[in-house]
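Presented below is the structure to which this report refers.
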Amino acid sequence: MISIIVMLAIYQPLYAQKTITGFTEKTSADEKQTEQKFDAQLSAQRIGQTIKELSAKPHHVGSPGGKEVAELILNKFKNYGWDAKIETYQVLFPTPKTRELEMLSPTVFKALLKEPGLKEDATSNQDDQLPTYNAWSADGDVTADLVFVNYGLPEDYERLDRLGISVKGKMVIAKYGHSWRGIKPKVAQEHGAVGCLIYSDPKDDGYTAGDVYPKGAYKNEFGVQRGSIMDMVIYPGDPLTPGIGATENAKRLDRLSATNLLKIPVLPISYHDAQPLLQALEGPVAPAEWRGSLPFTYHIGPGKTKVHLKVEFDWKIRPAYDVIAMIKGSTFPDEWVIRGNHHDAWVNGANDPISGQSALLEEAQAIGQLTKTGWKPKRTLVYCAWDAEEPGLIGSTEWVEDHMAELQEKAVVYINSDTNGKGFLNVEGSHALETLITEISKDVEDPQTKVTAFERAKADNTIKASSPKDKKEAMMKTTFAVDAMGSGSDYSSFIQHAGIPALNIGYGGEDNGGEYHSIYDSYDDYSRFKDPTFVYGVALAKTVGRATLRMADADLLPFDFRSLFKTVNGYVKDLMNKTDQMREATAVENEVIKANSYGLANDPTEKLTAPPVKAEVPYIDFSPLQNALAELEKSTDQLSDAWNKAVMANTDHDAMNKALYKAEQQLLATSGLPRRSWYKHTLYAPGFYTGYGVKTIPGVREAIEQRDWKEAREQIVVVADAIMKLANYLRNISK
């Protein structure tokens, strides 16, 4: 068998191509020359200096440091030659007034609720640091018995039901991980809990994973993950102004009527503070898969372990400073290529978000240098540094909602980044841009291995493939797979609400650690463990810079909807297969339950009941989706032919380009998703119980997962209509 290294050597030279997709031979040569000049202006040292400068102080939304960082970024844009301004929104953002956690029995313990400064970390003991808390927790003063709920996901509560354990009227303690943090209190609230604690177990990102900070990168016993628990799967942004920009005079909801805010108190804690609480628990021994790495036997409770939690917040309206910089296009000034990264952090945020923000500013600097040579982009470049991302994607969401009509008319694409580190290229986004990303990934060199970013990512995918067949397929892959978008960063409002094509780009995978949202997300940590020589900051700037420049300068925009068809066709096949598997699994499981196999197999002393019998899975008619996809396949093939002819003809492409970048809007459903109408994209959304994690064809998929067959049938028609609308739209472009 040919080794992977030999395969790399064989295939590497084949990736060179004369023209860039969307460009003629002449304009391709010009574009490549522009990109070489762009690359020459990028400096790893300057990126490192920018990370150090922008992470020197705490800079959460509404803080003096937050305003200072926004103004620093504004001045950098202006110095680089951009037309820049700050757009300010008035947004709700609560900070803590009171945080108390104590165990009252069987012993007394008062939680520390503080991360100590370290001599090895210069910024870890500064004034103005936000304390450890979860934004959007409800105010509360509750005393209750404690129950351990593993990761706090719906399936964990199913296990508790089988054990006969209810959390109604109880306090729950859940581990961080396996879902977005806001899902844990959401599910706890749904099951009647009166409060929720969330801690990081050392098994996941502490001493079991590796040496802890400051010796190593992983979470020490005092580290705490701050973070938002806003129910963003309902809607992100300012909770008081859903669907409209949070301007000074915007009409605001009463806070208690905001449907994306939970009703119970929530607090994150360290494993130092969690250990006495968990160690005191009685009740059944936790299942093997629930147990962490703390040095005792994990029990579930309830029992004699009673805790008191009190949290209170100020619930103030605060300014959010979005920095917006533009270079007007020379040919198509009303077509905007938008690039963004947030600038606010929970504390100092060297990794999250300043590593990505520094790459963005390096791109802006290089583009500014290009303009001094007389170069101008054909389309307008809009570079954005968002505020208030951490509490709930607020800065970007308010800007999109405020400028919705203009953006749906002018926005060609939105290109996002966030955190960045050493490792492998990862891209999420609109699948019609897969060709663009494939070409760029084959042009950018991985700083460590000196092969292309494409080859390094392909090698990683090959190694991780689970079967010989999958490994062979990964080795022969010639395209870069763009993942679907869920949530968790500033692309959400662009693609999922406004239908604007979007990409989210970053490097990582070799930069694991436990600093996330703690005081230890610092320059000292980043420069030791994340990207010590800042070369991956340059790699990100090269990657995103190419995406931005090519979308700005393309003769014919490089959208290939055949990739979209193949991807969506795969989603539908997966839905059909999952439904068939669910039907078979339900039938077999019901037979097992009715035969009392659980009762006979389980240890009688454990009192674990059998799962409940579930209703049988009916046969679902997927033909509306299949018929719509057949039409989409035809129309994408026709458009590809027309697109290729248009490139060769080298004529005016303005009408086709405008139609191409507005195509994604055809996939929006006017009424939005069930129970969360803000999300309008029929193909991509964050999962109702995954948060950041994506659900593809979410209206149908989640109805099936929730066994709501009536809604599944209804949503099949909704999605089929959207796909058919896109098919007809693309067919008209081809004429």
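The values are calculated or read from the model by the stated rules, or taken from the named source; none is laboratory data. This structure is a prediction, so every number in the text was calculated from the model and none was measured. Because the Cβ atoms are built from the backbone with ideal geometry, glycine has one as well, and the counts that use them run over all protein chains shown. Remember, those area values only see protein heavy atoms, side chains included, never the ligands or the DNA or RNA. Shrake-Rupley method; radii C 1.70, N 1.55, O 1.52, S 1.80 Å.
Worth a mention:
- Under the convention that each Lys and Arg Cβ holds +1 and each Asp and Glu Cβ holds -1, the size of the dipole of the range 332-430 around its Cα centre is about 700 debye.
- Values of log10 I(q)/I(0), in the order q = 0.23, 0.33 Å⁻¹, for the range 221-261 under a Debye, Cα-only, solvent-free model: -0.76, -1.18
- Computed from the Cα positions only, the extents of the range 531-680 along the three principal axes stand at 76, 52, 28 Å, in decreasing order.
- Of the beta bridges in the chain, as assigned by DSSP with both residues counted there, near 60 percent are antiparallel.
- For the range 14-84, the Kirkwood hydrodynamic radius from C-alpha pairs, put into Stokes-Einstein at 10 °C and a viscosity of 1.306 mPa s, yields a diffusion coefficient of 103 µm² per second.
- For the range 557-622 versus the range 425-493, the gap between their alpha-carbon centres in whole angstrom: 29 Å
- Angle between the chain longest axis and helix 453-464 axis [Cα atoms, degrees, rounded to 10]: 30 degrees
- Compactness index (Cα Rg / 2.2 N^0.38 Å), the range 124-278: 1.14
- For the range 367-523, DSSP calls about 65 percent of its internal beta bridges antiparallel.
- Average accessible surface area per residue within the range 380-450, 1.4 Å rolling probe, Å²: 21 Å²
- Angle between the chain longest axis and helix 25-40 axis [Cα atoms, degrees, rounded to 10]: 50 degrees
- Nearest-ten-degree value, helix 44-54 long axis tilted from longest Cα axis of the chain: 50 degrees
- Residue pairs, from the table Lys410/Lys680; Lys52/Lys219; Lys76/Lys251; Lys328/Lys410, whose Cα atoms sit over 23 Å apart: Lys76/Lys251
- Packing-based order for 261-271, 699-709, using average beta carbon neighbours within 10 Å, highest first: 261-271, 699-709
- Heavy-atom surface analysis with a 1.4 Å probe gives the range 609-735 a carbon and sulfur content of 53 percent of its accessible area.
- For peptides 653-659, 351-357, sequence by mean Cβ density within 10 Å, most packed first: 351-357, 653-659
- Within the accessible area of the range 173-235 (1.4 Å probe), percent carbon and sulfur: 53 percent
- In the full protein context, the range 650-709 carries 36 Å² of accessible surface per residue, based on a 1.4 Å probe and ignoring ligands, DNA and RNA.
- Expressed as a whole percent, the accessible surface of the range 100-139 that belongs to carbon and sulfur atoms is 53, based on a 1.4 Å probe.
- Dipole moment magnitude, nearest 20 debye, the range 138-224 about Cα centre, only Lys, Arg, Asp, Glu C-beta charged: 80 debye
- Alpha-carbon gyration tensor eigenvalues x 5, square-rooted, for the range 279-327, Å: 45, 20, 8
- Pairwise Cα inverse-distance average, inverted: Kirkwood Rh of the range 385-463 (Å): 15.2 Å
- When peptides 596-608, 360-372 are ranked by their average number of other Cβ atoms within 10 Å per residue, the highest-first order is 360-372, 596-608.
- Loop-resident sites, the range 211-293, for GluC sites (Glu not before Pro), counting at most 14 other Cβ within 10 Å (DSSP): Glu248, Glu282
- Convex hull per residue volume in Å³, alpha carbons only, for the range 258-380: 230 Å³
- Both radii were evaluated on the Cα set of the chain; the Rg over Rh quotient, with Rh as the Kirkwood radius, amounts to 0.96.
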